[in-house]
1. Given chain B, what percent of its DSSP beta bridges are antiparallel, to the nearest 5?
2. What are the DSSP H helices in chain A that stretch 30 Å or more along their long axis, judged by alpha-carbon atoms, and whose average Kyte-Doolittle hydropathy comes to at least 1.6?
3. For chain A, set up a Gaussian network in which alpha carbons nearer than 10 Å are linked by springs, and say which option among A:Leu97, A:Leu110, A:Leu21 fluctuates the most.
4. Would you list which lysines come within 20 Å of A:Lys244, measuring only between C-alpha atoms, while excluding same-chain residues fewer than 8 positions from it?
5. By count of other Cβ within 10 Å, fewest leading, how are B:Glu103, B:Glu180 ordered?
6. Rounding to the nearest 10 and keeping the result within 0 to 90°, find how far the Cα-based axis of helix B:128-141 lies from the longest principal axis of chain B.
7. Run the helix sum for chain A: -39,500 (n - 2.57) per DSSP H stretch of 4+ residues, divided by residue count, reported at 222 nm to the nearest 500 deg cm²/dmol.
8. Taking the Cα centre as origin and putting +1 on Lys and Arg beta-carbons and -1 on Asp and Glu beta-carbons, what dipole magnitude results for chain B, to the nearest 20 debye?
Amino acid sequence: MKRFLLAVLFFAVLLLIWEALFRAEIWSPVLLPSPRQVASYLEGAAADGTLATAIIVTMRRLLIGYIIGLVVGLPLGLLTARWKVLQDTIGTLALGLQTLPSVCWVPLALLWFGQTEAAMLFVVVMGTLWSVVIATETGVRNVPPIYSRAALTMGSKRLHMWFKVILPAALPFIVSGMKQGWAFAWRSLMAAEIFVTILTGFGLGQLLHYGRELSAMEQVIGIMIVIVVIGLLADKIFFSPIEKFLHRRWGTSQA
Amino acid sequence: MQRLPRHRSSAAEELEVIAPSKLAIENVSKSFKGASGAILALDRVSLNVAEGEFVCLLGASGCGKSTLLNIIAGLEKPDSGTVQADGKPITAPGRERLVMFQEPALFPWLNVFGNVLFGLKLKPNLTNKDRHEVARYYLELVGLSRFQRANIHELSGGMKQRVSLARALAPNPRVLLMDEPFAALDALTREQLYGDLQRIWKARKKTIVFVTHNVREAACLGDRVIVFSPRPGRIREEFAVGLPRPRDINSVDLAVHSTEITKALKSHSQPEVAIAG
């Protein structure tokens, strides 16, 4: 509770500084709108449904792409960890492609898929996939052999071994890979949405883009805040509880 | 595959004391590829272990005693020779022979109870309720009932090894293979565990093969102490320890035995190899 109040206080102070800067009129109000203007834009966008639609469009792209990335990436990571041949081939490919900033997939996606949802999904999948593959592979390779030896003596074999021993043992690595994949996907999707207008749906990136076109700074800042809040919520609602569980079980943190 | 009639065994049946195995190891050799060529870890080793016997394999590190244990477990295959349990050759790991390792190989993603349940869940014909009952029994046997829900990292070294022991005992194996399980513990904790292990061995009637480099430990626990020499790993001598149980590691009678065994151990080790203990 104390920590929560402190955080609230911190953000209140930030708002006050912003308001003070606005009132000092150092910059033109076109470049730096007041917190109230931003709030009223957000209010309007919320009231007429633009905001909700944009959030839904963006989150749908992100979630579908992310889930595809996980569903493909996890088994791929397991396979590369299991077979040397796959490690030398797919593993190396994954390592290389992971170093490629995922926004670099946007031009290729546009040429291949045109201005379609498929292009957006492709960018998100590419952002997620390689991090997940590499983290899963690293995680599996780092499982102490003594775990599988102990499990073998207790009668664990093949699938049981993979699902009840190797995967859980690799979980800390896999979760951090999932988190990294999420961050990459989120960034590349925003870039793609800003670059490309897709007629089937206006996402948050597009709202940001039109804010710039119209020189509507309150819209630009408002949408940026929404994007930050979504990122924070994803972390607090989804990743934090998993990480807390891992820390508690593995004893890797005092918190 | 032949389908057996469905039979649900109860927790009570599962907890019955079952007959321990006898082990027959004959002419077992095993070599490893090392940096400087092949290393002969075991050189024509033969050993018989009677049903319910407590045998300690004693030797300096590198004498192949752990390798022999792994071969009995079925985790490694000998280059030549045979290993049999109750007349049947050992070809793969199985829950008839469970291993307790030096580092506690407990699973950090499960709590204490989950770890003890792990092997039980792999046993068919038991209801979950029975499995829980069995797990609770063994946790009580090792004195950790209160720590069922604890995470592994919250336990001390001694408690971890108690959980390992409970996990190894839970599927009711006929043989317990212990690979220097107490080597990393402090002396006080170790002494306590010597007492507990002897009590549990008496109650559950397991055949135990116990690997150690600690002479006193071997003399305290074993019915027989088998002395190995390293490079190549060979059995040199064996000592029957006929002291009454439970034995106290600090007793004078035990000291007499361990002095004698130490002498043998030293005489069989190469001069450049110093042996502690």
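1. Numbers: 23 of 41 bridges.
Counting only bridges with both partners in chain B, antiparallel ones make up about 55 percent.
2. Helix filter hits for chain A: A:2-24.
3. A:Leu21
4. Straight-distance partners of A:Lys244: A:Lys2, A:Lys179, A:Lys236.
5. Numbers: B:Glu103 16, B:Glu180 21.
Ascending Cβ contact count within 10 Å gives the list B:Glu103, B:Glu180.
6. 40 degrees
7. -25000 deg cm²/dmol
8. Around 780 debye, computed over chain B.
Values in this text are rule-based calculations from the coordinates and carry no lab data. Keep in mind it's a predicted model, so treat the numbers as computed, not measured. Neighbour counts are summed over all protein chains in view; Cβ atoms, including those assigned to glycine, are modelled from backbone coordinates with ideal geometry.
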